[in-house]
Amino acid sequence: VSQSRYRMLSTRLGYGRPAAFAIAFALAFLAGVNGVDSLNDGFNIYSSASARLTISGNSVARCTAAGVEFQIACPDSTIVGNTFYKCSSGVLTAADTARLTIMGNVVNSCTSHGLFLSITGEQTRVIGNTCRSNGGDGIKYGTGANAGENYVVNNVCTGNTGYGLTLTATNIVSASANTLSGNTAGRMNNGLTSVPNSSLLADTNYMVFN
């Protein structure tokens, strides 16, 4: 892909603007000069042309919906080094997005799950994120997240109202080296049995060393 096809969006949105970033171009890089405050979605990916999107270093606060929401597949995308505060969720995947990397983000005080992979594609990487004090789970894979080769590694989920990490029985996810502590519902729910904060779970699909 030629370098000329990449675009950078560097507009700063102020408090109370009426619309979020609506992302519809094929290749994009959204870097850390963006401040998004009090909108619906922070970054709403809705176009079928979307692919190889990078959202990096942004501060997204007080959105009534998700900080980043994938409404349609956007493969080979990266969400890295962003801060999400008091949104509904930090990141919501509502479409099959293969090879998505969510890395090094901080999700704090959202009303629902911190990172909510409701529907996702294969080879999803959720690495080194901090999800704290959210109203749902720290990280949650939904029933539609049924693809394989997903990894949840080195995340910190603490002080959430739900579980630190929730998977469903259909997920094929390798979870390791996560810190899951102080969550109201418990450390982890693997879709079959709940795991309280004091327990350790290890089976063929999930390996948790916390």
(message) Counting C-alpha atoms alone, how compact is the range 102-158: give Rg to one decimal and Dmax as a whole number, in angstrom.
(response) 10.8, 30
(message) Using a 1.4 Å probe on the protein heavy atoms, what percent of the accessible area of the range 75-128 belongs to carbon and sulfur?
(response) 53
(message) Testing the spin-label approximation: label points 7 Å from Cα along Cα→Cβ at Glu122 and Ile72. State their distance in nm.
(response) 2.4
(message) What would the Debye equation give as log₁₀ I(q)/I(0) for the range 41-126 at q = 0.20 Å⁻¹, counting only Cα atoms as equal point scatterers?
(response) -0.80
(message) Could you check the spin-label model distance between Ala177 and Asn154? Points 7 Å from the Cα along Cα→Cβ, value in nm.
(response) 0.5
(request) Just order 86-92, 125-131 by mean Cβ neighbour count inside 10 Å, highest at the front, would you? (result) 86-92, 125-131
(message) For the range 81-192, report the % of Cα-Cα distances exceeding 21 Å.
(response) 22
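The values are calculated or read from the model by the stated rules, or taken from the named source; none is laboratory data. As the structure is a computational prediction, the values presented were derived from the model and not from experiment. All Cβ positions, even for glycine, are placed from backbone atoms using ideal geometry, and neighbour counts span all protein chains on display. Note: areas computed on protein heavy atoms with side chains; ligands, DNA, RNA excluded. Shrake-Rupley method; radii C 1.70, N 1.55, O 1.52, S 1.80 Å.
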